[in-house]
Amino acid sequence: LAAVAGLTGQRRTYAAMLIELDRAVGQIVSTLEAEKLLNDTLIVFSSDNGGPRPGVVTDNTPLRAGKATLYEGGVRVAAFATWPGRIPAGSRVRAPLHMVDWFPTFLGLAGAPLAQKLPLDGRDILACLTAGAPSPHDVIVLNTTPTSGAIRDARWKLVRNGQIADADEEGAPAGNAAKKNKGAKKAADDSASAGDRFELFDLEADLAEKTNLASAHPDIVARLRARLDEFATAAVTPLAKSGDTRGTAPKVWGEP
């Protein structure tokens, strides 16, 4: 609480929300322990995106950019799983995994069939958590839209028409961030109209994505671009692009 007292504005609000989230998780764990259910419970925690407006509200250092971008500051998130007796305490999972992997993992634990009405995008990652198994993915699609996208394998990451948004939930950056976002968006739009712009990063050597290696490794760009195109072809048209009003975000999520 003393740390929050020294903050101001949206960063203070953000920090206070994290404190309350931490308290709520603690209450759940305490209840499971009191009911003697803790050893039979898998607890999973994960953010769904990187911090918004880095440098103003959040700090994604050393990662590049933040929420609503294809760079690591927008897609690499904090996550953990704990299960006494099943997941070794203090272990770290370094294998690239994806949020959609949780669903098939939960299905497997519940004894439910992985064959669902529609094909699953995710993979069962229980062995990664409990035994340090490698990632079940050969590549991971970070996103694909009609105009942009990103894909990575264990080491390389390809970004198509990336832009730095530095935006909050509603996509309305403030101050200098707004100018930065406007310039980045124009550059992406210009490059898209003239032909797709690709960036290639070696995440093992350059986690901050400072050096674009696309021109130095055209073979890797071609390989990852072909895989990204495969996924893009299979993707459903976004509701916002199809004219379906369900693609319009509500003012308050959970309300019509």
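The values are calculated or read from the model by the stated rules, or taken from the named source; none is laboratory data. Since the structure is predicted, the reported quantities are computational estimates derived from the model, not experimental observations. Every residue, glycine among them, receives a Cβ derived from its backbone with ideal geometry; neighbour counts consider all protein chains shown. Side chains are part of the model used for accessible areas, which takes the heavy atoms of the whole protein and leaves out ligands, DNA and RNA. Shrake-Rupley method; radii C 1.70, N 1.55, O 1.52, S 1.80 Å.
Below, the figures for the structure above:
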item	result
Rounded, prolate or oblate (a/c below 1.5 giving rounded, otherwise prolate when a/b exceeds b/c) for segment 81-169 by Cα gyration tensor	prolate
Among Trp83, Asn39, Val56 - extreme Cα towards positive end, dipole of segment 1-101, charges at beta-carbon	Val56
Shape call, segment 74-128: gyration tensor on alpha carbons, a/c limit 1.5	oblate
Additional length obtainable on full extension of the chain from Thr233 to Ala216, 0.36 nm per residue less Cα span	3.4 nm
Segment 1-87 - accessible surface per residue (Å², probe 1.4 Å)	62 Å²
Relative contact order (%) - segment 27-108, alpha-carbon pairs under 8 angstrom, separation at least six	26 percent
Cleavage-rule hits (GluC sites (Glu not before Pro)) in segment 7-47: DSSP loop, at most 14 neighbouring Cβ within 10 angstrom	Glu35
Cα gyration tensor shape for segment 1-140, rounded if a/c is under 1.5, else prolate or oblate	oblate
